[in-house]
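Comments concern the structure below.
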Amino acid sequence: MCGIFGYVGSKQAAPILVSGLQKLEYRGYDSAGMYIAGAGSVKAVGKVAALVAELETKQSAGTAGIAHTRWATHGEPSVSNSHPHSDTAEKIWLVHNGIIENYQALKNELLEAGVEFVSQTDTEVLAQLVASLYKGDLKSALQEALARVHGTYGIAVMATDNPGQIVVARMGSPIVVGVGDDTEMFVASDPSALLEYTNQFIYLEDSEMAVIEADTYTVTSIAGEARAKSPELVLHDVSAVQKNGYDHFMLKEINEAAEVIRNSTRGRIDARAGTVKLGGLEDVAETLATIKRLTIVGCGSAYYAGQMGRLMIEEYAGLPVEIELGSEFRYRRNLGDASSAVLAVTQSGETADTLASIVAAKNLGQLTLGIVNSVGSTIARTTDAGVYNHAGPEIAVASTKAFISQLTVFVLLTVWLGRQREMGGEEASEILTALAGLPDVIEMMLADTAAIEAVARKYANSRDMMFIGRQLHAPIAYEGSLKLKEVSYLHAEAYAGGELKHGSIAMLGPDFPVFAIAPEDAVYAKMVSNIEEVRARKAPVILLTTEGALGADGLADDVLYMPKVHSILQPIIATIPLQLFAYYVGVARGLDVDQPRNLAKSVTVE
Ligand code: G6P
């Protein structure tokens, strides 16, 4: 949440800072700003494009600076609340991601000392505090200030009288230093924003700080102990962060589904032997064979992927599983013990609520695991063991390809855990053979999406929409509804089909369409009854079912067909039309589907 980017070197900083912020915009985009040593600050409300327009009216020459794109926590999006913040005399400039919890107490002290504030932010308090302690050495002023701060932060700070230096620190919000050639250094909240410039990264851990100059960096703990860190090499295809001819990242990423499944399964499946190899779990395999319960934790789409994981693992592997929202689980009494494990599902690996749940479980001595997409992220580093998704960077704020990959990894994990328990080799072989063939099926499906686009256009002006599904397709209904809410702002709800009659059917009528996900499976007849109940209330029905499903043609106002695959994989197939539906509705409504209002992709605050 909020993106930080910094540069110190020999080139003009402004264009580099702009390009960095553009790649970090997914972390927040309600206002943006930068400070360039020698030129001062520029800020604008809205997206980075507004900052670019503002830059054209200002002098911005200089070869070092810090920049920020914001997702408001304290104070509305406005120029005065935008980062970088400074003290009144503009000695210190600071960008911040996170929340200073004791900002009010610190602010009161500074107010008493006569300091005047121009913003409502917690960040300005930190800038003023650092300035009040500054005596020519930025690092020590920051150390003193941070010793007094409670809360979370990733920060980058500059002193006006030392234009060649940036000091960064981390507590709970990611900061990565990018090591360029001999004459330049970078800093960012996410390495993907730096890939254009370098693939050598130094990840700060919590309670660490670094002093960066064009040709050097030093890492220490915030308390001052030396930390020897050499750069890690991260290999990513830069094209993953470009649109490659698609109108939007969201559409590009939906279209990457087949490739994502190939990447998530590569080298991990032996279909003939009916075995799955998950290198990241090998060290804890013995423990996992004996656990009695697994608790899955996630937020947003990752939570729904976790719901699917629960259904799959219980059904096919016979291990009891619970699923929890990170924001709730972290504050609950965790009854887990050494016979249970906690598994975080997260694309970014930085979601604060998911991370806090993992830390709490670790403190209890529980085994912690991750299904994480972002390599080297905080949750990947914090968990004892885990499985990487290998879905590549996901740029659109609403998750699509990462969700597909999470479901895929859950299929792998189900077979892996199942083979430790009650799943026979034949069943495993059947699932894995079908999984290996899934990318080709998806490619065929994605070759013609005209029917989905037409249905989306037809319903794009609705006010409300209901999604229903049962068993493995209930979480898909929830995710389909979330996707539509995120990118179209339509009011959408989702229920397990059998639950409708217990209350929410009261809302239905001719203006309240229902999207029913009903492949021809074990509960198809039950879903048909639920659809009849909906039709009896005159609500229009869009049916997503499998090719050749009995009686599907006359069952709904609009019928979309998908290929029929192994039942454990059907939800992966069913997800794609729902993602496309949300996308096309959002586009038909003229909205920014890649960066919907009020959202941020990486939610590093509570
Ligand atoms: C945010 C994003 C969602 C995402 C959720 C969890 O709310 O907008 O798309 O599902 O965070 O993110 P994670 O990175 O933990 O998967």
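A short reminder: the numbers here are calculations on the coordinates, not readings from a lab. In this text, all values refer to a predicted model and were calculated from it rather than measured experimentally. Quick reminder, even Gly has a Cβ in these numbers, built from the backbone with ideal geometry, and neighbours come from all protein chains shown.
The table that follows gives values for the structure above.
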read-out: Peptides 513-525, 594-606, 21-33 ordered by average Cβ neighbours within 10 Å, highest first; value: 21-33, 513-525, 594-606
read-out: Label-point separation in nm, residue 207 to residue 451, each point 7 Å along Cα→Cβ; value: 5.8 nm
read-out: Translational diffusion coefficient (Stokes-Einstein; Kirkwood radius from C-alpha pairs) of the stretch 108-210 at 4 °C, 1.567 mPa s, in µm²/s; value: 87 µm²/s
read-out: For peptides 529-540, 78-89, sequence by mean Cβ density within 10 Å, most packed first; value: 78-89, 529-540
read-out: Relative counts (whole %) of C-alpha pair distances in the stretch 509-559, using bins that are 10 Å wide; value: 29, 58, 12, 0
read-out: For the stretch 259-317 and the stretch 340-374, distance of Cα centres in Å; value: 15 Å
read-out: For the stretch 243-447: rounded, prolate or oblate by the Cα gyration tensor [a/c cutoff 1.5]; value: oblate
read-out: ³J(HN,Hα) computed for each position of the stretch 279-289 - Karplus, 6.51 cos²θ - 1.76 cosθ + 1.60, integer Hz, glycine/proline x; value: x, x, 10, 4, 5, 10, 4, 5, 5, 5, 5
read-out: Burial ranking of peptide ranges 269-277, 431-439 (average Cβ count within 10 Å, highest at the top); value: 431-439, 269-277
read-out: Kyte-Doolittle at least 0.5, axis length at least 30 Å by Cα - qualifying DSSP helices, the chain; value: 425-446
read-out: The chain: relative contact order as a whole-number percent, Cα under 8 Å and 6+ apart; value: 12 percent
read-out: Kirkwood hydrodynamic radius of the chain, from inverse mean 1/r over distinct Cα pairs, in Å; value: 25.3 Å
read-out: Of 243/401; 23/252; 23/58; 252/401; 23/601; 91/139, those spanning more than 18 Å from alpha-carbon to alpha-carbon; value: 23/58
read-out: Net lengthening on full extension, residue 76/residue 381 (0.36 nm per residue, minus Cα-Cα); value: 106.4 nm
read-out: Cα gyration tensor shape for the stretch 207-337, rounded if a/c is under 1.5, else prolate or oblate; value: oblate
read-out: DSSP-defined antiparallel bridges as percent of all bridges, the chain, nearest 5; value: 60 percent
read-out: Spherically averaged projected area of the stretch 3-235 from its Cα convex hull (nm²); value: 11.0 nm²
read-out: Per residue Cα convex hull volume in Å³ - calculated over the stretch 175-235; value: 72 Å³
read-out: Computed helical MRE - 222 nm, the chain, DSSP H runs ≥ 4 contributing -39500 (n - 2.57), nearest 500; value: -10500 deg cm²/dmol
read-out: Computed FRET value (nearest 0.05) for residue 567 with residue 89, which takes r as the C-beta separation and R₀ as 60 Å; value: 0.35
read-out: Simple spin-label estimate for residue 328 and residue 273 in nanometres, 7 Å along Cα-Cβ; value: 4.1 nm
read-out: Nitroxide proxy distance, nm - points 7 Å out along Cα→Cβ at residue 58 and residue 364; value: 4.8 nm
read-out: The stretch 459-606 - convex hull of alpha carbons, volume per residue in Å³; value: 122 Å³
